[in-house]
C-alpha cells in the first residue's frame, strides 16, 4: 500500500509521519495489493488541526475528514471514520461475491467452442465476444438497469423463473422479452 502525506502550515516530524503511517496501514488491513493508495493531508488553520484521508481501492475513493484542537486526536478520529467505511465496503463485497458464486455453481452455463476464422461471410463474422456474470434479477429491475445503462439488448437471469431472458427494444421502441422453452 502506498501512503502519501502532505503537511500544510505545519512541520511534518518523524513522529507524526510514523504515527500517520501506522494508523492508515492499520485501517487498510481490509485491502491489500498494488492498487491500494492513501493520501493524507494534515493542516493547521488557527487553532484547528485538520486531518483528511483519501483512501483509494482499485480507483474507488473513500474519504474522511475531521478537525480538533489536537493533531493526534484528529488523526485518530479520521482513521476511525475511514475504518468504518472500509469495513462496510469489505462486508458488502463479501456478500456480493458469495451470492455470485452461489449462482455460478447452481447454473453452469456451457459455451460452445467455435472458430472465428471458419466464418467467411462478413454478416455472420463475430467481431467481438463479451462475457459477463449473470445474476438473478426481477423483470422490473432488468428493465430499469437496461434503461439506466442505455442498452438496446439486455440479458439477465429471471429471478422468478430461473431462466435466462433477453430484453430488447424493437424499432417502434416497445420492449420485447425472449424467454426459452425447455
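Throughout, read-outs are computed from the coordinates displayed, never taken from laboratory work. Remember, predicted model here, so these are calculated numbers, not experimental data. All Cβ positions, even for glycine, are placed from backbone atoms using ideal geometry, and neighbour counts span all protein chains on display.
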>> What distance in nm lies between label points placed 7 Å from Cα along the C-beta direction at residue 76 and residue 36?
In response: 2.4
>> Can you tell me what share of the DSSP beta bridges in region 2-104 is antiparallel? A percent to the nearest 5 is fine.
In response: 75
>> Once you place label points 7 Å from the Cα toward the Cβ at residue 26 and residue 162, how far apart are they in nm?
In response: 4.8
> Which length gain, in nm to one decimal place, applies between residue 94 and residue 18 when the Cα-Cα distance is subtracted from 0.36 nm times their residue separation?
Replying inline: 24.2 nm
>> With viscosity set to 1.002 mPa s at 20 °C, what whole-number translational diffusion coefficient in µm²/s follows for region 136-178 from Stokes-Einstein and a Kirkwood radius over Cα pairs?
In response: 208
> Given R₀ = 35 Å, FRET efficiency for residue 84-residue 138 by Cβ-Cβ distance, to 0.05?
Replying inline: 0.65
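Normalised by the number of residues in region 136-178, what is the relative contact order in percent for Cα pairs under 8 Å and 6+ residues apart?
Details: 54 pairs, mean separation 13.1, N = 43.
Once divided by the residue count of region 136-178, the mean separation gives 31 percent.
Computed FRET efficiency, Cβ-Cβ of residue 182 and residue 44, R0 45 Å: what is it to the nearest 0.05?
0.05
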> How do the peptides 72-85, 152-165 rank, highest first, by the average count of neighbouring beta carbon atoms within 10 Å per residue?
Replying inline: 72-85, 152-165
>> I want to check the label-to-label distance for residue 150 and residue 174. Put each point 7 Å from Cα in the C-beta direction and report it in nm to one decimal.
In response: 2.6
